[in-house]
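The values are calculated or read from the model by the stated rules, or taken from the named source; none is laboratory data. Note that this is a predicted model, so its numbers are computed, not measured. Here the Cβ positions follow ideal geometry from the backbone for every residue, glycine too, while neighbour counts run over all protein chains shown.
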């Protein structure tokens with residue numbers, strides 16, 4: 001089982017379980033992802049493998065990107081990420097293509113993606129403020145944030161909820177159940193919602209259960 005794979009969010013649909021329940025699932029195209037580079041603790045200070053997903057048009061790729069991918073006999077990729085390893089894996093080698101054929105036993109995953117950008121938003125949408133009441137002389141101050149500090153220390157305390165840019169950040173959604181794996185079509189049906197818009201790139205990793213005896217994750 002590989003520590004992770006790259007993919008693309010396609011959209012949402014519904015899926016019927018074996019006991020007849022209907023659940024909403026997100027369809028994710030996962031792989032195939034060729035290994036573009038291996039990193040070792042002796043040379044780079046940590047163990048990891050670099051994988052790519054989705055071929056980039058040759059005219060739009062830089063010479064550096066094309067040369068880096070050509071070392072393993074692949075075309076330049078649009079989405080490249082590193083997957084860290086706690087220890088070296090013997091059968092990993094540059095040029096090997098990772099798929100989801102061995103993901104049939106996975107029950108839970110965590111997905112990392114860039115969330116949808118909402119632009120500049122106020123405190124009601126961004127932080128869930130209730131706002132003021134709409135009667136008794138409130139006038140046009142229904143959605144203002146209100147006081148943001150006090151006389152001491154005479155400044156806005158760092159971390160205070162204020163209006164600002166919302167979304168467009170890399171987030172990780174954990175505890176997502178894997179409803180079905182379709183290896184011949186490179187599809188994963190993930191129960192629930194996955195961060196980001198349709199056609200957005202995602203990083204899918206098998207869940208890492210907590211081990212109470214050691215205080216670590218597997």
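Residues that are within 17 Å of residue 95 (Cα to Cα) and modelled with pLDDT of 90 or more within the range 1-31 comprise 5, 6, listed in sequence order. Screening residue 211 with (1) in contact with a strand residue (DSSP E or B) (Cβ under 8 Å, 6 or more places away or on another chain); (2) modelled with pLDDT of 85 or more; (3) assigned by TED's automatic domain parsing to the domain that holds residue 18 gives one miss only, at (2). Which residue, of 62, 72, is modelled with pLDDT of 90 or more and either surrounded by fewer than 18 Cβ atoms within 10 Å (Cβ to Cβ) or not assigned by TED's automatic domain parsing to the domain that holds residue 204 (or both)? Testing whether each residue is modelled with pLDDT of 90 or more and either surrounded by fewer than 18 Cβ atoms within 10 Å (Cβ to Cβ) or not assigned by TED's automatic domain parsing to the domain that holds residue 204 (or both) leaves just 62. Taking the criterion of being without any contact (Cβ under 8 Å) to a residue 24 or more places away in the chain and touching a strand residue (DSSP E or B) at 6+ places or on another chain (Cβ under 7 Å), the residues of the range 14-40 that qualify are 14, 16, 22.
Is it fair to say residue 55 is under 23 Å from the mean Cα position of the chain (by Cα), outside the structural domain of residue 200 (by TED's automatic domain parsing) and without any contact (Cβ under 8 Å) to a residue 24 or more places away in the chain? Here the answer is yes, as residue 55 does meet what is asked.
Within the range 148-184, the set of residues being free of Cβ contacts under 8 Å to residues at least 12 places away in the same chain, more than 30 Å from residue 109 (Cβ to Cβ) and surrounded by 12 or more Cβ atoms within 10 Å (Cβ to Cβ) is empty.
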